[in-house]
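Take this structure, written in structure tokens, and hold onto it; I'll ask about it next.
The values are calculated or read from the model by the stated rules, or taken from the named source; none is laboratory data. The structure presented is a predicted model; accordingly, all values stated were derived computationally and were not measured. Using ideal geometry, Cβ is built from the backbone for each residue, glycine included, and neighbour counts are taken over all protein chains shown. Remember, those area values only see protein heavy atoms, side chains included, never the ligands or the DNA or RNA. Shrake-Rupley method; radii C 1.70, N 1.55, O 1.52, S 1.80 Å.
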Amino acid sequence: MSITKIFIDLYESTGFKAMTIGELIMIGVACFLIYLAVVKRYEPLLLLPIAFGMLLANLPLAGLMSPPVYQTSADGTQVMTQPGGLLYYLYQGDALGIFPPLIFLGVGAMTDFGPMIANPLSVLMGAAAQLGVFITYNVAAGLLGFTPKQAAVIGIIGGADGPTTIYLATKLAPELLGTVAVAAYSYMALVPIIQPPIMRALTTKKERQIMMKQLRPVSKTERIIFPIVVTIVVSLILPPAAPLIGMLMLGNLFRESGVVERLSKTAQNELNNIIVIFLGTSVGATTNAQTFLNTRTLYIVVLGLVAFGVSTAGGVILGKVMNYISGGKINPLIGSAGVSAVPMAARVSQVVAQQERPGNFILMHAMGPNVAGVIGTAVAAGVFLSIYGG
């Protein structure tokens, strides 16, 4: 055999020979997302593994997302002739609804619901910030030809909650999982850019300068009772939301009880970090060229932006209404924090308020709607699951 023949055969067996234009484009997209995560620091904790999962899934012949192959033997039993790829097995944690609730366990352990307990009315702003979810759902289903299940998954992007978006996608429209996950985390990273223009357009300078009174102290008893009551009430009203709400509140109970510090720290750190790696990489691996490179992806990206913008507006508008009812005591800017991007959305409210009036501290007031938005988005997902199953 000649040297030339050896090199030709070697080339024929490589991924270079098998690579398609679509896969090459997707590798370029993955590298761009890696750039955004590393250089621009756009939600790097999840965008980086998602981007690298996208890269791995579009390497031809690697088979990292290939399912196992079975053959029927002579005695009728199923025999595995080829094992599945690594990412295929990791993806089962998404498909079976395991990873997103475990992320919520860590989120609950890191979240202080005190500002929301101190000001229960902030729940209303968290609910109003789900407006974009349902408006986008109707637009996607009624005008753009998406199925109701797909429209629900697209709409939930407006809640700005990555794990909830992934959870709902795996239940209702797994074919959209990679696209909606990339859109959701991209918009979460762009909160400081997207929200301020909307906030300023909907409020007056006088409203943005409103200083709010300090929140009342919240007792330890209230903090312990809260996650228990929320779990019972929400799960009885919307049983499909129980996995997300239950894990969120379990993590918070770990935090507030003060008797399981080791469990709380594990949920916040080691466990959460491991699940983030598995979740992000396996979700990114669903974005192959065949499912990602189409006009539907463009629609989803645009609709996700609309959903997020309308949700921000919904929270601000209700903040204005509450300000009017209270006689000018509520700064409407805290309503924009009703989306679930914790704590970034609350920080944006604080920044915009201080730009108008240095020394105006509304961060803790904004944290109320912010953490309420986490619950609100999970409830919205539960509504869709109740309607369409999963």
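What figure in square angstrom, to the nearest 10, would you give for the accessible area of residue 179 with a 1.4 Å probe?
10 Å²
While we're looking at this one, here's another question. Counting only other residues whose beta carbon sits under 11 Å from that of residue 384, what net charge do I get with K and R as +1, D and E as -1? The partial results should precede the final answer.
Numbers: positive: 149, 171; negative: none.
Residues near residue 384 contribute +2 overall.
Between residue 143 and residue 232, take the C-beta separation as r, use R0 = 41 Å, and let me know the FRET efficiency to the nearest 0.05.
Numbers: r = 39 Å, r/R0 = 0.95.
It comes to 0.60.
Report the calculated FRET efficiency for residue 70 and residue 386 (r = Cβ-Cβ distance, R0 = 25 Å), to the nearest 0.05.
On the way: r = 35 Å, r/R0 = 1.42.
With a Förster radius of 25 Å, E is 0.10.
Turning to a different aspect of this structure: What nm value, rounded to one decimal, do you get for the distance between residue 266 and residue 45 when each label is placed 7 Å out toward the C-beta?
1.9 nm
Something else about it: Under 23 Å between alpha carbons: how many lysine pairs meet that in the chain, if sequence neighbours fewer than 8 apart on the same chain are excluded?
Lysine pairs meeting both conditions in the chain amount to 11.
Per residue of the chain, what 222 nm ellipticity follows from adding -39500 (n - 2.57) for every DSSP H run with n ≥ 4, rounded to the nearest 500?
The helix-only estimate for the chain comes to -21500 deg cm²/dmol at 222 nm.
Quick one, could you list the DSSP H helices from the chain stretching 27 Å or more along their long axis (Cα atoms) with average Kyte-Doolittle hydropathy of 0.5 or above?
Working: long enough: 295-325 (45 Å, 1.38); 363-388 (37 Å, 1.40).
Qualifying helices: 295-325, 363-388.
Give me the one-decimal nm value for the distance between modelled label points at residue 302 and residue 13, 7 Å along each residue's Cα-to-Cβ direction.
A separation of 4.8 nm, rounded to one decimal place.
Turning to a different aspect of this structure: Between residue 288 and residue 4, what's the calculated FRET efficiency when r is the beta-carbon distance and R0 is 35 Å? Round to 0.05.
Values: r = 34 Å, r/R0 = 0.97.
The value I calculate is 0.55.
Moving on to the next point. In whole angstrom, and with the biggest value first, how far do the Cα coordinates of the chain range along each principal axis?
Reported extents, whole Å, longest axis first: 88, 44, 40.
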